[in-house]
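Asks: I'd like to ask you about the structure that follows.
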Amino acid sequence: MSLIKIENVSKMYFGGEGSEGAVEVLKNINLQIEKGEFLALLGPSGSGKSTLLSVLGALNPPTSGQVIIDGIPIYELDRERRADFRHEYIGFVFQQYQLIPYLTALENVMLPLAITKRSDKEQRKMAQRVLEKVGLGKKASRLPNQLSGGEQNRVAIARAIVNEPEIIFADEPTGSLDSKTANEILDLFRALNQEGLTIIMVTHNEENLAWVSRSVSIRDGQLLATSKAEGGRDEVNAY
Ligand SMILES: Nc1ncnc2c1ncn2[C@@H]1O[C@H](COP(=O)(O)OP(=O)(O)O)[C@@H](O)[C@H]1O
Ligand SMILES: [Mg+2]
């Protein structure tokens, strides 16, 4: 059984007042993602990458179709159960990191633990351990604006993994980084993937494909698959 199954997913956005009506951003998308994959989602700006990621990440219901994760049709859950599901299965690394500016790195990483029943001391210990894992153990007490872009990204990754989710969704995590820092972040994702995390990463940079196990592209709301074939030559199939 695939870890993530997307069946006939379409997503329309209905514009605000005075707009010309509905826009279909995702058109009948089908995709299966196996546990342990490191999948890249490519596509030009405005092609629907962030929308697809949020639909997959239990944050944004499709207009039609189903998303099934670990056998659970996630949009059939009510809001509260879907939030619980997200908490258990999913870590999100947002495009602009979305760190809370007045909280330290450690406190930002502790945020997802707030609703657990663990003691404050235990939460701090867990957050510290994850910060060490991403190479920021010594900077735990810094505020986001006292960290570089790459370091803020690492804090966002630490926050995404502190709950030990099954799946990480990362929206252009290297988009605003220089190539050396970007490569370090990709190395970190690869290490997490090798520990068993399934990772789905949006990127518009084809150089990042050297790190992933498979890529799919989105064009005009539809998916094109670029699979890494044996022998190194890529095959392109339309779904
Ligand atoms: N909440 C929304 N309401 C209306 N239109 C939206 C909304 N979010 C995104 N869109 C539109 O959907 C299209 C795809 O957006 P997005 O998924 O952000 O693309 P990408 O991440 O590939 O740049 C764009 O035309 C965007 O303007
Ligand atoms: Mg986007």
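The values are calculated or read from the model by the stated rules, or taken from the named source; none is laboratory data. Not measured: the values here are computed from a predicted model. Heads up, the Cβs are rebuilt from the backbone with ideal geometry, glycines too, and the neighbour counts pull from every protein chain shown.
Asks: Give the residue, chosen from A160, A156, that is modelled with pLDDT of 90 or more, within 16 Å of ligand 2 (Cβ to nearest atom), in a helix (DSSP H, G or I) and not basic (K, R). Give the derivation first.
Replies: Working: A160 fails: within 16 Å of ligand 2 (Cβ to nearest atom).
After ruling out the rest, the residue left standing is A156.
Asks: Restricting to the stretch 181-211, name every residue that is in a loop (DSSP other than H, G, I, E, B) and either more than 16 Å from ligand 2 (Cβ to nearest atom) or under 14 Å from the mean Cα position of the chain (by Cα) (or both). Outline the logic, then answer.
Replies: As a first pass, look at the stretch 181-211 and keep what is in a loop (DSSP other than H, G, I, E, B): 195-197, 203-205.
Within the stretch 181-211, E195, G196, L197, T203 qualify.
Asks: A follow-up question, please. Which ones in the stretch 57-69 are within 16 Å of ligand 2 (Cβ to nearest atom) and surrounded by fewer than 17 Cβ atoms within 10 Å (Cβ to Cβ)?
Replies: Taking the stretch 57-69 and keeping what is within 16 Å of ligand 2 (Cβ to nearest atom), we get 57, 59-60.
Matches in the stretch 57-69: L59, N60.
Asks: For the stretch 168-184, does any single residue satisfy the condition of being of a type in the set (A, V, I, L, M), at pLDDT 95 or above and surrounded by 13 or more Cβ atoms within 10 Å (Cβ to Cβ)? Let's see the steps before the verdict.
Replies: Step one: filter the stretch 168-184 for residues of a type in the set (A, V, I, L, M), giving 168, 170, 177, 182.
Okay, now just the ones that are also at pLDDT 95 or above, so 168, 170.
After this cut, where a residue has to be surrounded by 13 or more Cβ atoms within 10 Å (Cβ to Cβ) as well, the list is 168, 170.
Checked against the condition, which is being of a type in the set (A, V, I, L, M), at pLDDT 95 or above and surrounded by 13 or more Cβ atoms within 10 Å (Cβ to Cβ), the stretch 168-184 yields at least one hit.
Asks: Could you please find all residues in the stretch 2-45 being within 8 Å of ligand 1 (Cβ to nearest atom) and either under 13 Å from the mean Cα position of the chain (by Cα) or under 24 Å from I185 (Cα atoms) (or both)?
Replies: Selection gives G43, P44, S45.
Asks: Give me the pairs: first residue in the stretch 168-187 and on the phi > 0 side of the Ramachandran plot and touching a residue at least 24 places away in the same chain (Cβ under 8 Å), second residue acidic (D, E) and assigned to a helix (DSSP H, G or I), beta-carbon distance under 8 Å, and six or more apart or on different chains, which are they?
Replies: If the second residue must be acidic (D, E) and assigned to a helix (DSSP H, G or I), no pairs are left.
Asks: Could you tell me which of the residues D178, D220, D171 is more than 16 Å from the chain's Cα centre (by Cα) and within 16 Å of ligand 2 (Cβ to nearest atom)?
Replies: Numbers: D178 fails: within 16 Å of ligand 2 (Cβ to nearest atom); D171 fails: more than 16 Å from the chain's Cα centre (by Cα).
Only one candidate passes the filter, namely D220.
Asks: Among the residues of the stretch 73-90, is there at least one that is surrounded by 15 or more Cβ atoms within 10 Å (Cβ to Cβ), away from ligand 1 (no atom under 16 Å from the Cβ) and more than 25 Å from G196 (Cβ to Cβ)?
Replies: Checked against the condition, which is being surrounded by 15 or more Cβ atoms within 10 Å (Cβ to Cβ), away from ligand 1 (no atom under 16 Å from the Cβ) and more than 25 Å from G196 (Cβ to Cβ), the stretch 73-90 yields at least one hit.
Asks: Step by step: first the residues of the stretch 44-56, then only those that are surrounded by fewer than 22 Cβ atoms within 10 Å (Cβ to Cβ) and more than 9 Å from ligand 2 (Cβ to nearest atom), then the one that is modelled with the highest pLDDT. Which residue is that?
Replies: S54
Asks: Given F94, F38, which one is under 27 Å from E206 (Cβ atoms) and either in contact with a Pro (Cβ under 6 Å, 6 or more places away or on another chain) or more than 16 Å from ligand 2 (Cβ to nearest atom) (or both)?
Replies: Values: F94 fails: either in contact with a Pro (Cβ under 6 Å, 6 or more places away or on another chain) or more than 16 Å from ligand 2 (Cβ to nearest atom) (or both).
Within the list F94, F38, the selection yields F38.
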